[in-house]
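Below you'll find the structure, written out as structure tokens, and then a few comments.
Please treat every number below as a calculation from the coordinates, not as lab data. Fair warning: this is a prediction, and the values are worked out from it, not measured in the lab. Don't worry about glycine lacking a Cβ; one is built from the backbone with ideal geometry, like all the others, and counts go over all protein chains shown.
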């Protein structure tokens, strides 16, 4: 029983990622946005890892800023308020990317190393 409870945070993080990915895909499809553009931009947030060419500290900072839900949600909200469809579209692609990452176990990075993530801590 205790081992199952110890796995719960990790399982919940995966489920959270799946929920965000599915929600983003549904909203994206309902808006009738281009699936070609979705496919083209889905991995764009991973360009933030280029900071690792400088150092692990800079790389993890850049990666984490781009891989939290805060910025794409803020972009979506501002875009909705301004009725700016391209912003909503970009936010949904961005959210789908983060959700996909969480679903498969890619997490926020610690400066200790690229593979040291919040998933490895739970």
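Some points to look at:
- Angle in degrees between helix 2-31 and the longest Cα principal axis of the chain, rounded to the nearest 10: 10
- To the nearest ten degrees, helix 85-104 and the longest principal axis of the Cα atoms of the chain are 20 degrees apart.
- Fluctuation leader among 98, 73, 26 - the chain, Gaussian network, Cα springs under 10 angstrom: 26
- Estimated inter-spin distance, residue 4 and residue 47, nm [label 7 Å along Cα→Cβ]: 4.6
- Inter-label distance for residue 54 and residue 68, nm, one decimal - labels placed 7 Å from Cα along Cα-to-Cβ: 1.8
- Per residue, the convex hull volume that the Cα atoms of the chain enclose (Å³): 106
- Principal-axis tilt of helix 56-66 within the chain, Cα atoms, nearest 10 degrees: 40
- Sequence-distant contacts, meaning Cα pairs under 8 Å at least 6 residues apart, place the relative contact order of region 3-122 at 37 percent.
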